[in-house]
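Right, one structure below, let's go through it.
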Amino acid sequence: MSGNDLSHAAPRRVLLIVGGGIAAYKSLELVRLLRKADVAVTPVLTKAAERFVTSLSLSALAESEVRTELFSLADEAKMGHIELSRSADLVVVAPATADLMAKAANGLADDLASTVLLATDKPVFMAPAMNVRMWLHPATQRNLATLAVDGVRIVGPDEGSMACGEFGPGRMAEPPVIAQAIFEALKPAPRPLAGRHVLITAGPTAEPIDPVRVITNRSSGKQGYAIAGALAGLGARVTLVSGPTSLPPPPGVARVDVETALQMKAACDAALPADVAVCVAAVADWRPDHAFKLKLKKGPGAPPSVALVENPDILAGLSAKGPQRPRLVVGFAAETNDLEANARSKLERKGCDWIVANDVSGEGIMGGDQNEVLLVTREGTERWARAAKTGIAARLAERIAAALA
Ligand code: CTP
């Protein structure tokens, strides 16, 4: 398969924002290369870019109408700018001028191009092009760093002699180089878990005491939701049984909302069969033996006492499902001490295959965006360095895919 062979992929669409700089003429060549590879191109021209290339030539090469106005009734009637920003697989800014980079880095939205950049939820590529002094200016370098943190992928710039007569970095990368970066990004992601069903529990549970009070815990659901997203990204069909959280379900994940441990267990049983189960939820170990029908009121007597009964262990139940047991059952262990020993004894006690153990006494872990875990399996123990919960999720998803391969 050659580098730009996208023949096995679904039709792909790029939204190309052309900024106002002398390098804008090179964007015509970029459009030609993309169209040659059957990538659909929707061009957006900034006001300044219209001085360097015409809508007519761009539209002829792209075989598509060119959008220039944020407040055009005719354009908005066809496709609103928000929809436009989401309609493509990728957004490419070439040339990305210092001005466009500054706007995007600061979230300004005062024309169609900058509004599209603020509204898009798709990967963004920028090919900067500007005078060498503008490129090296601390303001541009600051914006560049901000854009990189925001996930914008930067192609170029090249070093060389420039249209303004100076020499240095600032020339826009050549169209074949930008096109290649686009082709790589458009290649369909590997889907090693296609056809597999994964069941995930996440979030806290909430056990009612009376109509207004619950016993719950500090779990945010972030780690479980990230794992659900990562597994769906690898092609799995994911059922996410979730306790109360404020998180949106990751794309492509079917979420079943529950509150109590008993509801979570019932939803898990109903979701079977599954190839894999990953129990990330912080399930309440106990629930009040009954929920009061009416709100408990303060009175002159002693404070009320609430009797607790033990909840079923969902992970242990899934591990002991006999013929319905998922092939791989993964549990989590939230510990504050003796991490590895506690995790290994949980592995035995619950009969699962792996335990991902985390030290929840660590700063910023419970409810935070980072995690630091041990992967405890029957073969041994691995220590994974502290990383974003999404990074831990991606690594675990890869491991699950490898285990099922
Ligand atoms: N778990 C479960 N059902 C329960 C309790 C826990 O499925 N009723 C699962 C969790 O989702 C997690 C694992 O069991 O995957 C371990 O949870 P943890 O809270 O660390 O352990 P506990 O079983 O509650 O044990 P302990 O409180 O003694 O640490």
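No value in this document is a laboratory result; all are computed from the given coordinates. All values reported here derive from a predicted model rather than from experimental measurement. Cβ coordinates were reconstructed from backbone atoms using ideal geometry, including for glycine residues, and neighbour counts include every protein chain displayed.
In loop segments of region 101-208 as defined by DSSP, the GluC sites (Glu not before Pro) with at most 12 further C-beta atoms inside 10 Å of their C-beta are GLU166. Computed over neighbours whose Cβ is under 14 Å from that of ALA236, the net charge equals +3, Lys and Arg +1, Asp and Glu -1. Comparing LYS298, LYS389, LYS26 in a Gaussian network model of the chain where C-alpha atoms under 10 Å apart are linked, the largest mean-square fluctuation is found at LYS298. Loop-located trypsin sites (Lys or Arg not before Pro) in region 145-223 (DSSP state other than H, G, I, E, B) with a sparse environment of at most 14 neighbouring Cβ atoms within 10 Å: ARG218.
Using R0 = 22 Å, the C-beta based FRET efficiency linking ALA148 and ASP38 works out to 0.15.
Give the shape of the chain as rounded, prolate or oblate, defined through the alpha-carbon gyration tensor: a ≥ b ≥ c are the square roots of its eigenvalues, a/c under 1.5 means rounded, and otherwise the shape is prolate if a/b is larger than b/c and oblate if not. Here the chain falls in the prolate category. Counted over region 12-186, the DSSP beta bridges are approximately 20% antiparallel. What angle, in degrees between 0 and 90 and rounded to the nearest 10, separates the Cα long axis of helix 261-271 from the longest principal axis of the Cα atoms of the chain? Approximately 60 degrees, to the nearest ten.
Bridgeable lysines around LYS36 (alpha carbons under 29 Å apart, same-chain partners fewer than 8 residues away excluded): LYS26, LYS47, LYS78, LYS122, LYS187. Once the Cα atoms of helix 222-233 and of the chain are each reduced to a long axis, what angle between those two axes, in degrees from 0 to 90 to the nearest 10, is obtained? Value to nearest ten degrees: 60.
The sum of -39500 (n - 2.57) across all DSSP H runs of n ≥ 4, divided by the residue count of the chain, sets its helix-only mean residue ellipticity at 222 nm to -10000 deg cm²/dmol. Tally Lys/Arg at +1 and Asp/Glu at -1 over every other residue whose Cβ is under 12 Å from the Cβ of GLU310; what's the total? Neighbourhood net charge equals -3.
Of the residues CYS268, GLY203, LEU34, the one whose Cα sits farthest towards the positive end of the charge dipole of the chain is CYS268 (charges of +1 on Lys and Arg Cβ, -1 on Asp and Glu Cβ, taken about the Cα centre).
Here region 95-145 is assigned +1 on the Cβ of each Lys and Arg and -1 on the Cβ of each Asp and Glu. Its dipole about the Cα centre then comes out at about 200 debye.
Taking amide H atoms as placed 1.01 Å from N in the peptide plane, the amide H of ILE154 lies under 5 Å from those of MET126, each 5 or more residues away in sequence or on another chain.
Each 10 Å bin from 0 upward holds the following percent of the Cα-Cα pairs of region 197-404: 9, 35, 36, 14, 5, 1, 0. Compute the Cα gyration tensor for region 28-104, then decide on rounded, prolate or oblate, letting a ≥ b ≥ c be the square roots of its eigenvalues: rounded whenever a/c is under 1.5, prolate when a/b is larger than b/c in the other cases, and oblate in all that remain. Taking the square roots of the gyration eigenvalues as a ≥ b ≥ c, region 28-104 is rounded. Counting only DSSP beta bridges whose two residues both lie in the chain, roughly 30 percent are antiparallel. Distance between the pseudo-spin-label points of ALA316 and GLU184 (7 Å out from Cα toward the beta carbon): 5.0 nm. One Cα centroid belongs to region 289-304, the other to region 328-405; the line between them spans 39 Å.
Structural descriptor for the chain: relative contact order 11 percent, calculated from alpha carbon pairs under 8 angstrom and at least 6 residues apart. Partner aspartates and glutamates whose Cα lies under 15 Å from the Cα of LYS297, excluding those fewer than 8 positions away in the same chain, are identified as ASP210. Charges were assigned to the Cβ only: +1 to each Lys and Arg, -1 to each Asp and Glu. The resulting dipole of region 12-186 about its Cα centre is roughly 160 debye.
Please list, in chain and number order, the residues 5+ apart from ARG12 or on another chain whose amide H is under 5 Å from its amide H, with Hs placed from the backbone. Result for ARG12 returns ALA40. Between the helical axis of 24-36 and the longest alpha-carbon principal axis of the chain there is an angle of about 60 degrees.
DSSP assigns beta bridges within region 197-404; of those with both partners inside it, close to 40 percent run antiparallel. Summarising the amide proton neighbourhood of VAL373: residues at separation of 5 or more, or on other chains, whose placed amide H is nearer than 5 Å comprise TRP384. Whole-Hz Karplus values for region 199-204 come out as 9, 10, 9, 8, x, x Hz, taken residue by residue from phi with 6.51 cos²θ - 1.76 cosθ + 1.60 and θ = phi - 60°; glycine and proline positions read x.
In terms of the Cα gyration tensor, with a ≥ b ≥ c the square roots of its eigenvalues, is region 210-286 rounded because a/c is under 1.5, prolate because a/b exceeds b/c, or oblate? The shape class here is prolate.
Whole-Hz Karplus values for region 82-99 come out as 5, 4, 4, 5, 10, 7, 9, 7, 9, 10, 10, 10, 8, x, 8, 7, 4, 5 Hz, taken residue by residue from phi with 6.51 cos²θ - 1.76 cosθ + 1.60 and θ = phi - 60°; glycine and proline positions read x. Along the axis of the charge dipole computed for region 12-186 (Cβ charges of +1 for Lys and Arg, -1 for Asp and Glu, origin at the Cα centre), the listed residues LEU84, PHE71, VAL53 are led at the positive end by VAL53. When the charge dipole of region 231-322 is built from unit charges on Cβ atoms (+1 for Lys and Arg, -1 for Asp and Glu) and taken about the Cα centre, the candidate among PRO300, SER246, VAL258 whose Cα reaches farthest toward its positive end is PRO300.
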